[in-house]
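Reading through the structure tokens given below for one structure.
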Amino acid sequence: QSSDGAETLTKISDAGLWDVIEESLELVASNTDPAWREEAERTIIRVASRLPEFTTEDIWEAGLQDTHNNKALGPVILSIARRGLIRQTNPTRYRRSTMTVNHGRPMSIWVSNICEGYQPELMPKEAE
């Protein structure tokens, strides 16, 4: 503990942190029902086709059914992002959740690269 009584945390290197995150995502993905994953991919693409910006809340509201662990949506979204169909906005941009289970927590905003009528020059500029 430090002199002010706060606990001292050990710093994890950025590389080590990303390794832990990747391992966690792989574990969640490996335990996800393949049929649910396919449905999640279709739902994300459907939402991204009609909304220039969206959150995971929009995906659930589009009709994606719950699964054993709804955190399984994270690796699916990242796989869609790696394919270049969507991208995450600057982490300082977010929307507060309106879903009761989320207790108003901040939700990451995703930008569609496939939305009909998408005009990147009209989208808010990201901080560099």
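Some notes on this structure:
- For the range 75-89, a tally of residues being assigned to a strand (DSSP E or B) and over 10 Å from the mean Cα position of the chain (by Cα) returns 1.
- For the range 75-117, the set of residues classified as open to solvent by less than 60 Å² (accessible area, probe 1.4 Å) and aromatic (Phe, Trp, Tyr) consists of 110 only.
- When 62, 35, 40 are checked against the criterion of being small (Gly, Ala, Ser), at pLDDT 90 or above and open to solvent by less than 20 Å² (accessible area, probe 1.4 Å), a single residue qualifies: 40.
- Within the range 21-73, the only residue that satisfies the criterion of being assigned to a loop (DSSP other than H, G, I, E, B) and under 14 Å from the mean Cα position of the chain (by Cα) is 55.
- Inter-residue pairs, beta-carbon under 8 Å, first in contact (Cβ under 8 Å) with a residue 12 or more places away in the chain and in the range 39-61, second charged (D, E, K, R), 6+ apart: 47/58; 49/116; 50/116; 51/58; 55/95; 57/95
The values are calculated or read from the model by the stated rules, or taken from the named source; none is laboratory data. Just so it is clear, the structure is predicted and the values come from calculations on it, not from any experiment. Heads up, the Cβs are rebuilt from the backbone with ideal geometry, glycines too, and the neighbour counts pull from every protein chain shown. Keep in mind that these areas ignore ligands, DNA and RNA; they rest on the heavy atoms of the full protein, side chains included. Shrake-Rupley method; radii C 1.70, N 1.55, O 1.52, S 1.80 Å.
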